[in-house]
Amino acid sequence: VLGGGAIYGGGSRCSAAFNVTKGGARYFVTAGHCTNISANWSASSGGSVVGVREGTSFPTNDYGIVRYTDGSSPAGTVDLYNGSTQDISSAANAVVGQAIKKSGSTTKVTSGTVTAVNVTVNYGDGPVYNMGRTTACSAGGDSGGAHFAGSVALGIHSGSSGCSGTAGSAIHQPVTKALSAYGVTVYL
């Protein structure tokens, strides 16, 4: 699975954000409201399990981590859905005004600008805090996908208000919080 690629669990489709590593083991981070649904994740609908949930945090946060159990060593890249990929070499927090791209399994790659940080969002399951808001278009199934700027990982896609003109917004969980929570790092 690459960043932005489809993942399936518990009858739901989400997206992976970034492949990460700790002590030689490989994982991917995704949205916590996805990892709350299922412990086992596949790369295709009804396909064999590629990874197992090791942690999940939602609400308050919206991140989770899945450990690859299929023996694969996936590249630490994000799928650009045009035959190429984006290397990810570091992680940072988004800043207002920053240009950003989102990769997810529904709307593929979309672009936007960071409009706010430290936002509190409530999807109905309880609040999530310290989120980033962007103008990138997104839709259901993009959840867990990658928000990035060049080679810098910024966020895990959390939710959106759709793709309606300039009103579209994509909310992300800052990825740095997930990386520090699980002691993992992005890799080339």
Taking the criterion of being modelled with pLDDT under 95 and hydroxyl-bearing (S, T, Y), would at least one residue in region 77-94 satisfy it? no
Which numbered condition in (1) modelled with pLDDT under 95; (2) surrounded by fewer than 22 Cβ atoms within 10 Å (Cβ to Cβ); (3) of a type in the set (S, T, N, Q) is the only one that S160 fails? (2)
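Of the residues that make up region 165-186, is at least one within 21 Å of Y8 (Cβ to Cβ) and modelled with pLDDT of 95 or more? Even if it seems obvious, please write down each step before you answer.
Filtering region 165-186 down to residues within 21 Å of Y8 (Cβ to Cβ) leaves 173, 178.
Applying the additional criterion that residues be modelled with pLDDT of 95 or more yields 173, 178.
Looking for residues that are within 21 Å of Y8 (Cβ to Cβ) and modelled with pLDDT of 95 or more, one finds at least one in region 165-186, hence yes.
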Please pick out the residue among S73, S45, S105 that is touching a strand residue (DSSP E or B) at 6+ places or on another chain (Cβ under 7 Å) and modelled with pLDDT under 95. S73
Between a first residue in region 123-134 that is part of a loop (DSSP other than H, G, I, E, B) and a second residue that is small (G, A, S), which pairs have beta carbons less than 6 Å apart while being 6 or more apart in sequence or on different chains? Y123/G159
Select from region 86-120 the residues that are part of a strand (DSSP E or B), touching a residue at least 60 places away in the same chain (Cβ under 8 Å) and of a type in the set (A, V, I, L, M) and list them in ascending order. A91, V109
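It is to be established whether one or more residues within region 95-104 are over 23 Å from V66 (Cβ atoms), polar (S, T, N, Q) and loosely packed, with under 14 Cβ neighbours inside 10 Å.
No: zero hits.
To keep it simple, each residue is scored yes or no on (1) closer than 17 Å to D142 by Cα; (2) within 18 Å of the chain's Cα centre (by Cα).
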residue	(1), (2)
I88	no, yes
V96	no, no
I100	yes, yes
S105	yes, yes
S111	yes, yes
V119	no, yes
D125	no, no
With the condition kept exactly as written, say whether any residue in region 45-67 is crowded, with 21+ Cβ neighbours inside 10 Å, in a strand (DSSP E or B), among the aliphatic types (A, V, I, L, M) and in contact with a Lys or Arg (Cβ under 8 Å, 6 or more places away or on another chain). yes
Residue, surrounded by the fewest Cβ atoms within 10 Å (Cβ to Cβ), within region 70-86, restricted to residues that are within 19 Å of D142 (Cβ to Cβ) and of a type in the set (A, V, I, L, M): L80
So how many residues does region 108-146 have that are charged (D, E, K, R), over 20 Å from A178 (Cβ atoms) and touching a strand residue (DSSP E or B) at 6+ places or on another chain (Cβ under 6 Å)? 0
Do we find a residue being more than 27 Å from S45 (Cα to Cα) and among the hydrophobic types (A, V, I, L, M, F, W, C) anywhere in region 101-114? yes
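The values are calculated or read from the model by the stated rules, or taken from the named source; none is laboratory data. All values reported here derive from a predicted model rather than from experimental measurement. Note that each Cβ is placed from the backbone with ideal geometry, even for glycine, and that neighbours are counted across all protein chains shown.
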